[in-house]
Number of protein chains: 2
Amino acid sequence: MTDTVTDDITIRRATADDIAGIVAMLADDELGAARENPADQGPYRAAFAVIDADPQQCLVVAARDGELIGTAQLTYIAGLARQGGTRAQIEAVRISEAARGSGLGSQLIAWCVDRAREHGCLLVQLTSDVSRLDAHRFYEKLGFEATHIGFKLILR
Amino acid sequence: MTDTVTDDITIRRATADDIAGIVAMLADDELGAARENPADQGPYRAAFAVIDADPQQCLVVAARDGELIGTAQLTYIAGLARQGGTRAQIEAVRISEAARGSGLGSQLIAWCVDRAREHGCLLVQLTSDVSRLDAHRFYEKLGFEATHIGFKLILR
């Protein structure tokens, strides 16, 4: 896993010390505000331990001057479809208020795409809530195509 | 992992002996025909080994009288978002020509949803190509909501 440093921004794999900062970014979001509970860090720490121990997962952070300003989660999914191709999936992309509009989002996604290429993945996939119109334009500008409908069944 | 048997149909985790049958189903599909190459089983066997060794993955088959009639792939993705919730993702759902319209699709998805509940997942997610209109109606009938846009960036 390569650390990428440009314009004083470091993009790297997250460590346990980053958990609180990541959770703050997840909560500071139109949809995330109602879903997150930063007051109880326990469940986040437990989830981090699972992610960190899984070689198919990489939780990513972007930092500037020691402060977290972006995060994303990358998962490699081996499959039989497409001649046994592995796909890379990006989840939970967030850019802190302070860094929005700075081009950091593009750098963060580019970092993930580079890792996916290194891993030999045949494609990178992600879904974005239908309400996030700015995000849709952003991903299309980066070359992603809106080829699929994303369905969710909430269990609890 | 529970085997489910109803109406002579068994739904279970796939073994290496199922690879050729799964690949045949992946290839016998409007979109899959151009993407698959059953003549070369090597890449499929290599991918199966990775999936089978990964505790977060479960390749699923449905069989009737020893013949494979359905397949799907289930992946558990731990994440920090949604208070450290794990999501279950379904990929590569196929029902053989012989079994289409029999209700097998519903049984197969229900099996996956049951496994996701057992695993403590907070949601089940999947994407479906925008052209698969019948599939969209099918997932909505099962309670899934089309809340997201699915983006893909093809790398090779």
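Since every read-out is calculated from the coordinates, none of them should be taken as a lab result. Being a predicted model, the structure only gives us computed values, none of them experimental. Every residue, glycine as well, gets a Cβ built from its backbone with ideal geometry; the counts of neighbours run over all protein chains shown.
When only Cα pairs below 8 angstrom with a gap of at least 6 residues are kept, chain A shows a relative contact order of 17 percent. Taking a quarter of the surface of the Cα convex hull of chain B gives a mean projected area of 10.0 nm². According to the Kirkwood relation over distinct C-alpha pairs, the hydrodynamic radius of region B:103-142 is 11.1 Å. Estimated from helical segments only, the mean residue ellipticity of chain B at 222 nm is -9000 deg cm²/dmol, where each DSSP H run of four or more residues counts as -39500 (n - 2.57).
Of B:I11, B:I95, B:I77, the residue with the greatest mean-square motion in the GNM of chain B, using alpha carbon springs below 10 Å, is B:I77.
Looking at region A:1-85, the trypsin sites (Lys or Arg not before Pro) that sit in a DSSP loop and have at most 16 other Cβ atoms within 10 Å of their own Cβ are A:R35. Computed over chain B with a Gaussian network model linking Cα atoms closer than 10 Å, the most mobile of B:L74, B:L126, B:L31 is B:L31.
Sorted largest first, the principal axis extents computed over the alpha-carbon atoms of the protein assembly as shown equal 63, 38, 34 Å. Between amide H atoms placed 1.01 Å from N, distances below 5 Å from B:N37 occur with A:Q83, all of them 5 or more places distant or on a separate chain. Comment: the Cα-to-Cβ extended label point of B:V130, at 7 Å, lies 1.4 nm from its counterparts in the other copies, nearest first.
Where chain A is rotated onto chain B, the residue of A whose Cβ comes nearest the axis, and that gap in whole Å, is A:G150, 2. Distances between copies at B:D8, taken between label points 7 Å from Cα along the C-beta direction, are 7.2 nm in increasing order.
Nm distances between the label at A:N37 and the same-position labels in the remaining copies, 7 Å along Cα→Cβ, shortest first? Ordered by increasing distance: 5.1 nm.
For chain A, a Gaussian network of Cα nodes joined below 10 Å ranks A:A72, A:A135, A:A63 by mean-square fluctuation, and the top entry is A:A135.
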